[in-house]
Amino acid sequence: MKGIKAVPAVFCCLSLLGCSTAGSSEVKPIGQSNLCIPKDQLLPLSLKKSEGNHDASPQVYEAMSISWEEMQKAIPEYKGAKTTAKGNLHNPLHITITQSKEMELPLYPQQAFLLDPETPLLTGVKPEKIIAWDVLEGLRSNYKYWGDCTFDAFEQKGPVSCNRRLNAYGLNFDYSITQENLKLYIQIDRYLLDKLKSWEC
């Protein structure tokens, strides 16, 4: 009788692990984390994964994208679409999941560059760089790495486009964010973390 009673529990565990049971969604563990994202949420990757060399860029595990409609529904202030002279532009949340590696924290700049009046804790480091420059979050006495940004027009002024690096589950979640949504990054972080929590193995 004990063996018979154990069978349903086994099937339950197999279902949670993403086995091919009715109604289940196949999942893919990410790196060495306890995160199992459903495969139908992930994008096919064309990037060649690194060999784990210490000096190489962080290994790319997966990529995913959350539609601008979903983002706008979750965060009403999120600017998911806008009309320009070239037509309609959309801002889905593109996310790249990479290996988390130790990095040297940039020095806080002598003259802080404010990205946006509504994000006073974000400071640009060396914004005179043409391509991308580091962004720190916090005060001079206590700060951490936030991501990197670049000026849209490459003219050392004007609106920026950024790459936010959110660390969770021992992984980096890098997502793109435009100037009009920059002030919402804390809400976006929280939304993404809630979604990840629902995918814990």
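Here the gap between Asp116 and Lys86, fully extended at 0.36 nm per residue and compared with their Cα-Cα distance, gives a gain of 8.2 nm. Close amide-amide hydrogen proximity is noted between Lys28 and Ile37, Lys39, each under 5 Å apart and 5 or more residues distant or on a separate chain (H modeled in the peptide plane; Pro and chain starts excluded).
Could you give the length gained on full extension between Glu69 and Glu26, defined as 0.36 nm per residue of separation minus the Cα-Cα distance, in nm? Each step should come with its number before you reach the end.
Values: separation 43, 0.36 × 43 = 15.48 nm, distance 2.46 nm.
My answer for the length gained is 13.0 nm.
Near the amide H of Leu166, within less than 5 Å, lie the amide hydrogens of Phe173, Asp174, Tyr175, all on another chain or at least 5 residues away, with H placed in the peptide plane.
Put a plus charge on the Cβ of each Lys and Arg, a minus charge on the Cβ of each Asp and Glu, and nothing anywhere else: the dipole of the range 27-197 about its Cα centre is then about 240 debye. Restricting the GluC sites (Glu not before Pro) of the range 112-193 to loop positions (DSSP other than H, G, I, E, B) with no more than 14 neighbouring Cβ atoms within 10 Å leaves Glu118, Glu128, Glu155.
3J(HN,Hα) couplings calculated from phi for the range 26-33 with the Karplus curve 6.51 cos²θ - 1.76 cosθ + 1.60 (θ = phi - 60°) are, in sequence order, 5, 10, 10, x, 9, x, 9, 7 Hz; Gly and Pro show x. Close amide-amide hydrogen proximity is noted between Ala63 and Leu43, Ile97, each under 5 Å apart and 5 or more residues distant or on a separate chain (H modeled in the peptide plane; Pro and chain starts excluded).
The phi-based Karplus calculation (6.51 cos²θ - 1.76 cosθ + 1.60; θ = phi - 60°) puts the 3J(HN,Hα) values of the range 166-172 at 9, 9, 7, 6, x, 10, 9 Hz, whole numbers, x for Gly and Pro.
Read-outs throughout are calculated quantities, based only on the coordinates presented, and are distinct from any laboratory measurement. Since the model is a prediction, treat every value here as computed from it, not as a measurement. All Cβ positions, even for glycine, are placed from backbone atoms using ideal geometry, and neighbour counts span all protein chains on display.
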